[in-house]
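Reading through the structure tokens given below for one structure.
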Amino acid sequence: MNKIIYLTLKSLKRRLKLQPTLYIQREFGYSKPTTCSFYKPVTEAELGAFKEETGYSLPKSYVDFLSINNGAILFKDQSEHAEPGWHTFGLDEIVDMMTKAQIYN
């Protein structure tokens, strides 16, 4: 397990538990309220099925992330001018995008 990924996610989740809305600094000095959503961890069986089904291996650091959260939406803007958050795909979303891009059938 990548220690930096683990500690970063653990710290972020601890902060969110205390206060579910985080204010982050944006361009031009604006501060906007944001939230984060985390998916349930991926199982070894799901990882194995993904590799067998697609023929692709994922980078170790991404597998480490997936073993903690099988995808996430980070810093989703909750203000009146809502901007999308950072969407980190889980396994199903990766397969969906591969299918749409015709990389995978």
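The values are calculated or read from the model by the stated rules, or taken from the named source; none is laboratory data. None of these values were measured; they are calculated from a predicted model. Ideal geometry is used to build each Cβ from the backbone, glycine not excepted, and the neighbour counts take in all protein chains shown. Accessible surface is based on the protein model in full, side chains and every heavy atom, while ligands, DNA and RNA are left aside. Shrake-Rupley method; radii C 1.70, N 1.55, O 1.52, S 1.80 Å.
Observations, loosely collected:
- Applying the criterion of being touching a residue at least 24 places away in the same chain (Cβ under 8 Å) and more than 16 Å from Ser79 (Cα to Cα) to the residues of region 1-36, the residue that is most open to solvent (accessible area, probe 1.4 Å) is Met1.
- Flag if Glu46 is surrounded by 13 or more Cβ atoms within 10 Å (Cβ to Cβ), assigned to a helix (DSSP H, G or I) and touching a residue at least 40 places away in the same chain (Cβ under 8 Å): yes
- Pairs, first closer than 29 Å to Ala49 by Cβ in region 76-105, second open to solvent by 90 Å² or more (accessible area, probe 1.4 Å), C-beta under 6 Å, six or more apart: Gly85/Lys76
- Qualifying residue in region 61-73 (condition: open to solvent by 50 Å² or more (accessible area, probe 1.4 Å) and of a type outside the set (Ser, Thr, Tyr)): no
- Some residue of region 68-87 being in a helix (DSSP H, G or I) and either under 28 Å from Lys3 (Cα atoms) or among the aliphatic types (A, V, I, L, M) (or both): yes
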